[in-house]
Amino acid sequence: MAKVLVATEKPFAKAAVDGIRKIVEGAGFELALLEKYTDKADLLKAVADVDALIVRSDKVTAEVVEAAKNLKIVVRAGAGYDNLDLAACSAKGIVAMNTPGQNSNAVAELALGMMIFMARNQYTAGTGAEIKGKKLGIHAYGNVGKLVASHARGFGMEIYAFDPFVKKEDMEKEGVKVVDSVEALYSTCDYVSLHIPANDKTKKSINFDLISKMPKGATLVNTARKEVIDEEGLIKAFEARTDLKYATDIMADAHATMVEKFGTRVFGTPKKMGAETAEANINAGLASANQIVNFIKNGDRTFQVNK
Ligand code: 3PG
């Protein structure tokens, strides 16, 4: 009987776990749970005899892959798979997948919430601003970026986007003004919402030069990955410009320094909140379980990311 492990430092909502159990056990497989673990040793022990693994942002390193002697498939219940060591998976013939789109709406709603939160000075005293009529730049028009654009349109924002991987016509069809460089996006928009993945090309790519191009009073909202920001560059830009603001879903490594220097111009969540809704947990959790069942039973490799 195939054994499926759900290993989540940040657990799914109960309804999601119940749904995963129904799918896994309904397929005749066994379900094991490792939730809220704090010691890597617990993960290494738990993966020892499993055939399939479901994780969130949990790090599936070469060491984990090595310890998981029977592992055939790992599914990252979510979009970004920078937490999976794909080379280590491929070397062992393990299929790695994500569940694109399943938690996008939760992240998109948080991005909009953060824009308003920052426009109202983090709900502290003093006159804030409205987001209506402001220019919003979507940096990467994937599943989340597309939804942010659609929700922001309802708030009366003017939407711009930069994404070299999406056809210009497809974005224009949705009422988006397409710019042809990342520099143009940052120099045009009052708000920039980041939706790029974290990889070797993008890490620290949002740097002093780019941030300094933003118009007066602009806000950068990061619900992507903190690693894409060059934090030293951001601090330098914020020291030179007292009008800029930054909100990030998971606080920056330099969070304490930033708050000390810039006060309510910066905000960071203590835990990654983007996908923390029951709906997103259910969507991504159930998709993961279904993908595992379809892979083990039918060899279905849709959503494989280590081809
Ligand atoms: C994702 O990449 O899907 C999001 O960042 C959600 O991450 P989480 O499952 O760790 O909350």
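So what's the convex hull volume per residue for the Cα atoms of region 1-101, in Å³? Kindly include the intermediate steps, with their values, before the conclusion.
Values: hull volume 9.1 nm³, N = 101.
Hull volume normalised by residue count: 90 Å³.
The relative contact order of the chain comes to 19 percent, based on Cα pairs under 8 Å that sit 6 or more residues apart. Taking amide H positions as modeled 1.01 Å from N, with prolines and chain starts lacking one, the residues under 5 Å from Val50 and 5 or more places away or on another chain are Asn70. A crude spin-label estimate for the pair Glu172 and Lys236, with each label 7 Å from Cα along the Cβ direction, gives 3.7 nm.
Panel values: region 104-268, Kirkwood radius from alpha carbon pairs, Stokes-Einstein at 4 °C and 1.567 mPa s, translational diffusion coefficient 83 µm²/s.
In this label model, Thr257 and Lys14 are separated by 4.4 nm, measuring between points 7 Å along each Cα→Cβ vector. Put the Cα centre of region 102-126 next to the Cα centre of region 254-285 and the gap is 10 Å.
Ordered by residue, what ³J(HN,Hα) values in Hz, to whole numbers, does region 58-68 give under the Karplus form 6.51 cos²θ - 1.76 cosθ + 1.60, where θ = phi - 60° and Gly and Pro are x? Listing the rounded values in order: 4, 7, 9, 8, 4, 5, 5, 4, 5, 6, 8 Hz. Once C-alpha pairs closer than 8 Å and six or more residues apart are averaged by separation and normalised to the residue number of region 104-268, the relative contact order reads 20 percent.
Under a 5 Å amide H cut-off, with hydrogens placed 1.01 Å from N, Lys135 pairs with Glu158, Asp190, Tyr191 among residues at least 5 apart or on other chains. Protein heavy-atom accessible surface, 1.4 Å probe, per residue over the chain: 46 Å². For a straight C-alpha distance cut-off of 17 angstrom, the lysines reachable from Lys307 (same-chain residues fewer than eight places away being disregarded) are Lys72, Lys92. The distance separating the Cα centre of region 19-69 from that of region 202-238 comes to 35 Å.
Model label sites at Ser187 and Thr269, defined 7 Å from Cα along the beta-carbon direction, differ in position by 3.3 nm.
Once the Cα-Cα distance is subtracted from the 0.36 nm per residue extended length, the Ala91 to Asp39 segment shows a gain of 16.2 nm.
Counting only protein heavy atoms and using a 1.4 Å probe, the accessible area of Lys3 comes to about 40 Å². The alpha-carbon of Lys261 sits under 24 angstrom from the alpha-carbons of these lysines, leaving out residues fewer than 8 places away in its chain: Lys203, Lys204, Lys213, Lys216, Lys226, Lys236, Lys245, Lys271, Lys272.
Each residue of region 185-195 in turn: what ³J(HN,Hα) in whole Hz from Karplus with 6.51, -1.76, 1.60 and θ = phi - 60°, glycine and Pro shown as x? Values per residue, Gly and Pro as x: 4, 5, 7, 8, 9, 6, 10, 10, 10, 8, 9 Hz.
At 37 °C and a viscosity of 0.692 mPa s, what translational diffusion coefficient does Stokes-Einstein give for the chain, taking Rh as the Kirkwood radius over Cα pairs? Give it in µm²/s as a whole number.
On the way: Rh = 20.3 Å.
Roughly 161 µm²/s, to the nearest whole number.
Helical runs (DSSP H, four residues minimum) scored at -39500 (n - 2.57) apiece and divided by the length of the chain put the mean residue ellipticity at 222 nm at -11000 deg cm²/dmol.
Given contacts defined as C-alpha pairs under 8 Å and at least six residues apart, what's the relative contact order of region 17-110, whole-number percent? This gives 21 percent for region 17-110.
Ignoring any ligand, DNA or RNA, what whole percent of the accessible area of region 150-297 comes from carbon and sulfur when the probe is 1.4 angstrom?
Details: 3700 of 7000 Å².
Summing carbon and sulfur atoms, their accessible area is 53 percent of the total for region 150-297.
For region 104-268, the dipole from Cβ point charges (+1 on Lys and Arg, -1 on Asp and Glu) about the Cα centre works out to 300 debye, to the nearest 20. Accessible area per residue was computed with a 1.4 Å probe on protein heavy atoms; Ser205 scores about 40 Å². Computed over the chain with a Gaussian network model linking Cα atoms closer than 10 Å, the most mobile of Asp230, Asp200, Asp49 is Asp200.
Using only the Cα atoms of region 212-291, construct the convex hull and provide its projected area averaged over every direction, in square nanometres to one decimal.
6.5 nm²
The values are calculated or read from the model by the stated rules, or taken from the named source; none is laboratory data. Since the model is a prediction, treat every value here as computed from it, not as a measurement. Glycine also receives a Cβ, built like all others from the backbone with ideal geometry; neighbour counts cover every protein chain displayed. Remember, those area values only see protein heavy atoms, side chains included, never the ligands or the DNA or RNA. Shrake-Rupley method; radii C 1.70, N 1.55, O 1.52, S 1.80 Å.
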